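None of the figures in this text is laboratory data; all of them are computed from the coordinates on show. Predicted, not measured: the structure shown is a model, and the values here were computed from it. Every residue, glycine as well, gets a Cβ built from its backbone with ideal geometry; the counts of neighbours run over all protein chains shown.
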Amino acid sequence: MMTVEPNPKYPIVKVGVLGASGYTGAELVRLLASHGNAEIMLMTAEKNAGADFGSVFPQYAFGTFAKKLPKLIKIDEITPAQYEELDVLFCCLPHALTQEIVMKLPLDKVKVVDLSADFRLADVKTYATWYGHEHLCPDLQKEAVYGLTELMREQVGKARLVANPGCYPTAAQLPLIPLLKSGLILADDIIIDAKSGATGAGRAAKVGALYCEVTEGIHAYGVASHRHAPEIEQGLTGAAKKDIVVNFTPHLMPMSRGILESIYVKLAPGKSVADLRECLEKQYEDEPFVHVLPSGVAPQTRHVRGSNHVVMGIFEDRVPDRAIIISVIDNVVKGASGQALQNMNVMMGLPETMGLELAPVFP
Ligand SMILES: NC(=O)C1=CN([C@@H]2O[C@H](COP(=O)(O)OP(=O)(O)OC[C@H]3O[C@@H](n4cnc5c(N)ncnc54)[C@H](OP(=O)(O)O)[C@@H]3O)[C@@H](O)[C@H]2O)C=CC1
Ligand SMILES: CC(=O)N[C@@H](CCC(=O)OP(=O)(O)O)C(=O)O
């Protein structure tokens, strides 16, 4: 990782990464290396504390940027002064632990982008129901801005605490929210059939997400019970201005990265698939990361791998009055660290694409 020259028009942003030894933390460091105006001041790990980042991830051990990285330390070794010298802190930590840390941070001095699910649900009861415990800091839960960047840019720009969306909710909401807001699809008949690569489960792989249990097969999990359903419903309910319940079924695929969602919707009376296409093309025509494919072309996870792009295809179903939307992202980039960096750029008044211009990796 080579140091990219800073753009002198913009300030240097001092950054901390909690959980830098995990998949999303490491991906963030990879992206920050090509940012130019970000300086990593502190990085933490738990089991890997005390190690160099380059010894945990030998692929990132080379080059001037890598050599300047601080050692991985434990969270409780960070001093208040170290927090205060940061502009932005990324939390790439497990759920529930994150809120314990964030509630003690000086949020008037350091802005936070949280990649966990801790601050995504605004309603305290919904949070307790799906996460199995009361939130430790409900005020911050309410204050947090949901960082679906393209649709929340203005709010993200003013936020102290951004809740970075979940990977599945990102791929689902970017097509569905504009369609619901425009009244082009019915709110009561949305089916999201989702598939994810195994990195979605994190580096501390559990039984079920281990290589030999994922390769050469596919399985559904969290059927009718996955905690991303209420997160998707929160966004769609806001867009439709009526309560929405979705059918959401995630599957684990034998691939490391990528999410593909086949989304089945019913057209509102008198509306056509051409209307859906026009709406999404118009919504995203100036967006650098969201793309609507021409009619008849289906996106693949390979089209976005390693990049911050979202690619959508829109099809007329053979079943009358129904459409199929296929939405793909890289779960670790737009589904986590890429969107987190995009949010940081917005929060700090930097060009939104800084550090995110890497093209997808192929094959
Ligand atoms: N992977 C993905 O695609 C996505 C993940 N997310 C969310 O982002 C967050 C991070 O995910 P991911 O990077 O995949 O997870 P990983 O399991 O890969 O990494 C977790 C990180 O947290 C550290 N950690 C674990 N336990 C503790 C602890 N008790 N105290 C301090 N640090 C700890 C780990 O350190 P060490 O390894 O050294 O023990 C590691 O650095 C999670 O909340 C996840 O749900 C969100 C969207 C997508
Ligand atoms: C394949 C896999 O296990 N995926 C994870 C989702 C990862 C993600 O987006 O995020 P949060 O954990 O931050 O909500 C899961 O289903 O729980």
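Just to confirm the number: angle between the C-alpha axis of helix 228-240 and the first principal axis of the chain, 0 to 90 degrees, nearest 10?
Value to nearest ten degrees: 60.
Under 20 Å from the 7 Å Cα→Cβ point of LYS71, by amide nitrogen: which residues of region 36-53?
Flagged as within label range: 40-53.
Pull out the extension gain between ARG302 and TYR10, defined as 0.36 nm times the separation in residues minus the alpha carbon to alpha carbon distance; nm, one decimal.
101.8 nm
Under 8 Å for C-alpha pairs, at least 6 residues apart: give me the relative contact order for region 27-119, rounded to a whole percent.
Computed over region 27-119, the figure is 24 percent.
Please compute the modelled spin-label separation between GLU216 and LYS109, points set 7 Å along Cα→Cβ, answer in nm with one decimal.
Taking the simple label geometry, LYS109 and GLU216 are separated by 5.6 nm.
When we measure straight from the Cα of LYS67, which lysines land under 29 angstrom away, once same-chain ones fewer than 8 places off are left out?
Result set, ordered by chain and number: LYS9, LYS14, LYS47, LYS109, LYS111, LYS334.
Helix 23-33 against the longest principal axis of the chain: what's the angle in degrees, Cα atoms only, rounded to the nearest 10?
Helix 23-33 sits roughly 70 degrees off the main axis of the chain.
Exactly which trypsin sites (Lys or Arg not before Pro) in region 315-351 are in a DSSP loop and have at most 14 other Cβ atoms within 10 Å?
Taking region 315-351 and a limit of 14 other Cβ atoms within 10 Å, the loop trypsin sites (Lys or Arg not before Pro) found are ARG318.
Over the chain, what relative contact order in percent results from Cα pairs under 8 Å that are six or more residues apart?
This gives 17 percent for the chain.
For PHE53, PHE315, PHE362, PHE65, what ranking results if the residue with the fewest other Cβ atoms within 10 Å of its Cβ goes first?
The order, fewest Cβ neighbours first, is PHE362, PHE315, PHE65, PHE53.
Only four residue types carry charge here, +1 at the Cβ of Lys and Arg and -1 at the Cβ of Asp and Glu. Report the dipole size of the chain about the Cα centre in Debye, rounded to the nearest 20.
With only Lys, Arg, Asp and Glu charged at Cβ, the dipole is about 360 debye.
So which of LYS68/LYS104; LYS242/LYS266; LYS181/LYS242 end up more than 18 Å apart, counting from Cα to Cα?
LYS68/LYS104
May I ask you to derive the relative contact order of region 122-236, considering only C-alpha pairs under 8 Å and at least 6 residues apart, and to give it as an integer percent?
That works out to 24 percent.
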